[in-house]
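Novice: One structure follows; several queries about it will come next.
The values are calculated or read from the model by the stated rules, or taken from the named source; none is laboratory data. Since this is a predicted model, take the numbers as computed values, not measurements. Because the Cβ atoms are built from the backbone with ideal geometry, glycine has one as well, and the counts that use them run over all protein chains shown. Note: accessible area is taken over every heavy atom of the protein model, side chains too, but ligands, DNA and RNA are not part of it. Shrake-Rupley method; radii C 1.70, N 1.55, O 1.52, S 1.80 Å.
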Amino acid sequence: MADRQIVALGGAGATEEETRRLLAHVVGLAGKASPKVCIVPTATADDAASVLRLHGRLPEGVRASHVPFFPWPPDELRRIVLDQDVIFVGGGNTANALAIWRVHGFDEILREAWEAGIVLTGWSAGMICWFEAGVTDSFGPQLIGMRDGLGFLAGSACPHYDGEELRRPVYTRLVAEGFPPGVAADDGVALRYVGTELDEVVTAREGATAYRVTPEGETRLDALRLA
């Protein structure tokens, strides 16, 4: 059986070239010549422009599709998902996406996909959702700690660590005050988990990386620069 893989992305790169390089790396982890990549845009209420933009950033040869949840998901949702090589969750409102997924049993389908070796990935909301907890703006422009993730990975996560001014101070404060410790990722950075253990960190941006964040502070993780 293929390894269970989750690739948590802090955010897109600073340039289109960086973003394409990051996505090519993630898609390549499926180990397929022409992988099937399914975009899940629930966090933006299936915004068509977001789906099209991501389609245009994926590598040539990818067989891309998306799963809508508005006005309702497709009848063969489970079959469609389990036929993929990569599931990509886009950014947006994490709390809304999780609620919709649970109503339709998509959380259970995602776990089944993960256990079958399908690569689960995404940025922003698509990073937070795999963990037990995360820092989110799902409830307004202010950032808060949310403890309602899928829980495939233990602890918490914070995307956009260097991309949004308040992410770092809010996350470090929350963890110091008792929020679950975890990991933070700069934009353009990918944390690859094999099973439930962090296996590697890669970056498409010079100087960008990831961190372990505990009540004692943050520890910078070494990141491999993507060529």
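Novice: Please go through segment 52-61 and pick out each residue that is over 8 Å from Gly90 (Cβ atoms), in contact with a strand residue (DSSP E or B) (Cβ under 6 Å, 6 or more places away or on another chain) and surrounded by 15 or more Cβ atoms within 10 Å (Cβ to Cβ).
Specialist: Once the filter is applied, which keeps residues that are over 8 Å from Gly90 (Cβ atoms), in contact with a strand residue (DSSP E or B) (Cβ under 6 Å, 6 or more places away or on another chain) and surrounded by 15 or more Cβ atoms within 10 Å (Cβ to Cβ), segment 52-61 yields only Leu58.
Novice: Further question on the same structure: Return the total of residues in segment 195-227 being closer than 13 Å to Val7 by Cβ, among the aliphatic types (A, V, I, L, M) and loosely packed, with under 14 Cβ neighbours inside 10 Å.
Specialist: Residues flagged as closer than 13 Å to Val7 by Cβ, among the aliphatic types (A, V, I, L, M) and loosely packed, with under 14 Cβ neighbours inside 10 Å within segment 195-227 amount to 0.
Novice: Continuing with this model, one more query. So how many residues does segment 76-125 have that are over 27 Å from Val202 (Cα atoms), touching a His at 6+ places or on another chain (Cβ under 9 Å) and either open to solvent by 20 Å² or more (accessible area, probe 1.4 Å) or at pLDDT below 95 (or both)?
Specialist: 0
Novice: Next question, about the same structure. Considering segment 150-166 alone, what residues qualify as being of a type outside the set (A, V, I, L, M) and crowded, with 23+ Cβ neighbours inside 10 Å?
Specialist: Ser156, Cys158, Pro159, His160, Tyr161, listed by residue number.
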